[in-house]
Amino acid sequence: MRYKIWYAVLAGVGVNANTVTNNTQNDQGTFQNPGALIRPRFRYWLPDAGVNKTVVQENVISAASIGAGGVEFVPFYDYGGELAYGGPGPDWVKYGFGTEAFNEIFVAVLQAHKDHGLAMDFALGPSQGQGVPAHADDEGLQWDLAPFSTQIPSNGSFNGQVPGWGTGELVALVSANVLSAENISLDASAGLNSLTGGQSSYWKLMLRNDSLVDHADTVSSNGHVRLQFPYNSTYRLFAFYQTHTLNRNLIFSERNGSSIFDNGSYIVDHYSGRGAQTTTQFWENYILTPEVKQLLSEAGNYAWEDSIEATCNISWTPSLPSRFLKQHGYDLRPFLPLVMFENNNLIIQESSPGAYQCVLDTPDQGAGYLNDYRETLGAGYRQYLGTLTAWAESLGLQMSAQVSYNLPLDMEASIPEVNAPECESLEFGDSVDGYRQFVGPAVLAGKQIVSNEMGAVILEAYRSPLSHLQWQIHRALAAGVNRFVIHGQDYTGSYYGTTWPGYTAFAYLFANQFSEKDPVWYHGFADTLDYVARVQYTQQRAQLLTDVAIYNKISATNPNFPTIYTSSDLEEQGYTYNYLSPHNLALPQATVQKGRLAPAGPAYKAVVVPSTANLTYSALEAIQNYAQRGLPVILSGGDPHFYPTAAGVPVATMQAALVALKKSPNVYSVPAGGVAKQLLALQVLPDVQVRANGTWYPVWRRDDETGTNYCLVFNDNGNFTTGVIEVSTTQTPYLLDAWSGSQAPLLQYEVLDNRTRIPLRLQAHEMLLLSFQPPSAKDAPSQPLHATQLPSVVIGSKRHTANSSALQLHVIAGEWDAPARLSNGRIINRTAVAVAPSIALSNWTLTAEHWEAPGNITGENAATIAVKRNTTHHLQELISWAKIPALQNVSGVGYYATNFTWPLSSGNSLVADGVYLRLPPIDHAARVIVNGQRVPPVNPAAPMVDITEFLRLGKANTLLVEVPALMWNYLRSIIDELTFMEVPADFLLEVLGGVPGLVDNGLLGEAALVPYSVLTV
């Protein structure tokens, strides 16, 4: 996660410096009650190892009690000390990663997981897990290639010490003839540049192609060299030195240096297996006692590493030149000036890309050399991941990582290297297309799990509702992500220099920061976690099927993940798609059989090559092979580009291969936006064809073990939409309610031409989950009685309890706008029954349970959950607490109560056999209690539930709706009293734009009772 980009801001303004195979608790459970391995986790922020380990254990158990399957255990250490605190603080030498104190807590947390049937993930190092304590001269630490440059005098003579001498080991001294130079300004007033001191400009140099020469072998032992160049011409020298960065992922003042724990934790080399070995050797030497190994085998899940947040000048490892020569057949060193720009950290150093951008006077401007460098760099990174993965597997565990992003690499090439690749909502910007770029390589490679660090939102600490978290989860699900680690859970004990509400990781900068101190924790959060668990159950046990693979190749993935396939035609028809790179096409799974690419996996029905794509020769050969085996290949918007490489196939050969491809059977050229039309013409239909008046994202999965297909449909619109889906099966459809855990046969659908047509009505941001199941017995009907058409006044149904072949339709008041048609051919026109109309509920009594800080918010008092008191309010309408003066600055739980009599009317002309409760959309959480009985959880996007079974006939009935409030409005009212590690909370917020305003709390909108009559057919 790219937290450090925000810490760079603060530093600039003066702030002081797949599932476990041997786990005995791996039962997947059921849809109603998924097992621990299936359930979502919290990323748990351990402040440091000096905290109370009993409290840490209690926090883990508390997370499990509301539905989490365990935690992702992150030794936080103030995220490596990047957000420096005001005083001496905790002793991170004594309590650092891998110390005796840390190991005691690590064992305690593992034991808590084992004792409660949970599964634990854990970071491989402190903070983001990218290094371990080590000696500063360890060869496995992060390397840098530091560049220096000087211009040769006009007389062409250079006689002196090379620039930068003494920085490290000289790798190359390259001279080049500069044909032109342009100074390009960066906007120093925009974004991070205004705060972090990034570059204000850089030089773009055009170099003559045949002038690059490496003179390193002529440099004397004291760094002197004598060189002569043509008189009155412009030459520059570029010197490159390899050196350790000594960057740390745990930073604090050096002590006496007698122990590797004295200097924090160094980031390791991510471009070779040697860097991984430094990490694994530390674990073997300092953490993996027999007790820890045993506990990991019983309760461990994934070893894990976060997104890469290490800075440098040029990404490097000492073995790169020799590996480059072996891979590409030429020496990299003369071309090092071409890799000086934007080959550091693409996010953290976005405002410091490098002082010089060098290009050549060739058609590709030297891009081929740059691409070759990145290819070899990527091979080293894959070696790093492979070493960690093999080590984790040797312990009976598996490896998860936020693969490659922030680095100047093709992310898609490296995703298959770990067991459970992980993306995140923050850096991916909740982009469905961005997630598709990540999911494609993972699923093709056979990864069962595609994980996501979910829910971090800048400047939304304590103020981001669960509805937003659910929307974020739905966006990721729409692309095929199937596991969520929720950001995050805080330690609840007292901590150094920190007031109530206690330890707040990232110091009020990011949502979400959950704990027992948040009213939603025990007042509705469990419903959301159970919902996510049930959805994950269907998405993890079944294989993702994808209609179309879109070819994509770039040497360094854009860390902002822009949309690659920009036409909307595929989405409008419901075609699912994701992206693959040439490396993925070389996987053993990437074969075509019976017209499907990777038939045992995503089973792609076609490959699309956009005109914006960069074709490699290996990709051309693979795609040609696919076409010959019967897979449709569609070139969209014109001919693609060729991917430059300095030692690859000549352009003429590439052009000839492309011409041959275009003439091949099963290859089609269409205008941009014409892919779906071509597929339909070929009768290549999507698994889930969509026709809707908004954007619906379908997901189709197949469970080979049970023969069940799953269909997920997400309405990505902020308004009510209607439409129809047609799915590629005739199995019996069931509606899966992931909120309540119930399953019921679908009421309305129609089987046509080996497909099933289903009309749907989806509320704003609502997600629907269906399953298609084979008959449970040989003599069971393939399709039970159902409706093929219904009027809009039919809002629900049940199977008749005494006659399974009969339906009980729930009919409400309103226009009978279409006949009811049944699958047995029966047609039912408007009935003569007059149903009682809906009745808006009013006269609410709101009991507000205020959750407030203790009188003294420092020291041990910071561990207090809350001081609670009640106030009572009478409401005629349901409005935001922010609009009620007495509740404007309140956090806590609201209990909304009202009464009604059942039946609603005793008149003979109006009838009601039952009644639904319809609530307004739920922004955060809500629980419904009728006559003291808890009603099953409701879908917050469409909160309507049948409450008939809970009613008392002929008597007054009590309705109670329990609604937790976000903490922010109360915290905002006392923000000037709050500190985090001695730093005022409001100071951090003011730096980034000011303290945010009020948020809405409570039940907002109209609630109503919706009577219905039962029509048995």
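Observations on the structure shown:
- Between the amide H of ILE634 and those of VAL607, VAL608, VAL609, TYR668, distances stay under 5 Å, these residues lying 5 or more places away or on another chain, with hydrogens modeled in the peptide plane.
- Karplus-derived 3J(HN,Hα), 6.51/-1.76/1.60, for each residue of the stretch 632-639, Hz, glycine and proline x: x, 10, 10, 8, 10, x, x, 6
- Reachable aspartates and glutamates from LYS594, criterion Cα separation under 15 angstrom, eight or more residues apart if same chain: ASP547
- (i) 32.0; (ii) 30.0; (iii) 31.1, with the label sought being that of the calculated Kirkwood radius over Cα pairs in Å: (iii)
- Modelled label positions at GLU100 and ASP187, each set 7 Å beyond Cα in the direction of Cβ, lie 5.6 nm from each other.
- Unit charges at the beta carbon, dipole of the stretch 238-351: most positive-side option, PRO337, THR289, SER265: PRO337
- Taking amide H as placed 1.01 Å from N in the peptide plane, TYR241 has its amide H under 5 Å from the amide H of ALA146, VAL171, each at least 5 places away in sequence or on another chain.
- Whole-Å distance, taken between Cα centres, linking the stretch 363-405 and the stretch 508-580: 24
- Relative protection proxy for 621-632, 173-184, from highest mean packing down: 621-632, 173-184 (other beta-carbon atoms within 10 angstrom).
- For the stretch 718-784 and the stretch 651-710, distance of Cα centres in Å: 24
- Built amide H within the under 5 Å cut-off of GLN593, gap 5+: ALA598
- A full extension of the chain between LEU953 and GLN876 corresponds to an added length of 25.1 nm, given 0.36 nm per residue minus the alpha carbon distance.
- Charge dipole (debye, nearest 20) of the stretch 711-771; +1 at Cβ of Lys and Arg, -1 at Cβ of Asp and Glu: 60
- A simple count of charges around PRO519, restricted to other residues whose Cβ falls under 11 Å of its Cβ and scoring Lys, Arg +1 and Asp, Glu -1, yields -2.
- For the stretch 647-686, the equivalent ellipsoid derived from the Cα gyration tensor has semi-axes of 28, 11, 8 Å, listed largest first.
- In order through the stretch 55-65: 3J(HN,Hα) via Karplus (6.51 cos²θ - 1.76 cosθ + 1.60), integer Hz, x for Gly, Pro: 5, 4, 4, 4, 5, 5, 5, 5, 4, 5, 5
- Rounded to 0.05, the FRET efficiency of the LYS326 and GLN628 pair, given R0 = 22 Å and the Cβ-Cβ distance, is 0.10.
- A straight Cα-to-Cα reach below 20 Å connects LYS868 with the aspartates and glutamates GLU516, ASP518, GLU849, GLU852, GLU860, GLU962, GLU977, residues fewer than 8 places away in its own chain not being considered.
- For the stretch 751-760, backbone phi angles converted through the Karplus equation (6.51, -1.76, 1.60; θ = phi - 60°) give residue-by-residue couplings of 8, 9, 6, 6, 10, 10, 9, 10, x, 9 Hz, Gly and Pro being listed as x.
- Ellipticity estimate at 222 nm from DSSP helix runs (n ≥ 4, -39,500 (n - 2.57)) divided over the chain, nearest 500: -6000 deg cm²/dmol
- Residue-span extension gain [THR845 to THR563] - 0.36 nm each, minus C-alpha spacing: 96.6 nm
- The stretch 878-996: relative contact order as a whole-number percent, Cα under 8 Å and 6+ apart: 32
- Cα-Cα P(r), the stretch 952-1017, percent of pairs per 5 Å interval: 3, 11, 14, 14, 10, 9, 8, 7, 6, 5, 5, 4, 2, 1
- D_trans [Stokes-Einstein, Kirkwood Rh over alpha-carbon pairs] for the stretch 839-1016, 25 °C, 0.890 mPa s, µm² s⁻¹: 133
- Computed Kirkwood radius, in angstrom, where 1/r is averaged over Cα pairs of the stretch 419-537: 15.2
- A dipole drawn for the chain from +1 and -1 charges on Cβ atoms has a positive end, and of VAL938, VAL1017, THR645 the residue lying farthest that way is VAL1017.
- Only Lys, Arg (+1) and Asp, Glu (-1) charged, at Cβ; the chain dipole about Cα centre in debye: 2700
- Calculated P(r) of the stretch 544-674 - Cα pairs past 18 Å, %: 52
- Annotation: aspartates and glutamates with alpha-carbon distance below 12 angstrom to LYS53 (same-chain offsets under eight excluded): GLU104.
- Hydrodynamic radius by Kirkwood, which averages 1/r over all alpha carbon pairs of the stretch 688-828, in angstrom: 16.0
- Residue exposure sequence - LYS663, LYS114 - by fewest surrounding Cβ within 10 Å: LYS663, LYS114
- Residue among VAL995, ASN969, ILE947 farthest towards the positive dipole end of the stretch 839-1016, charges placed on Cβ: ILE947
- Estimated dipole of the stretch 428-574 in Debye, rounded to 20 [Cβ of Lys and Arg +1, of Asp and Glu -1, Cα centre]: 360
- Beyond 32 Å in Cα-Cα separation lie the following of the pairs LYS883/LYS955; LYS517/LYS883; LYS94/LYS517; LYS447/LYS798; LYS677/LYS798: LYS883/LYS955; LYS447/LYS798; LYS677/LYS798.
Quick note: the coordinates plus some simple rules give every number you see, no bench work behind them. Quick caveat, the model's predicted, so the values are computed rather than measured. Virtual Cβ from ideal backbone geometry, glycine too; neighbours counted across all protein chains shown.
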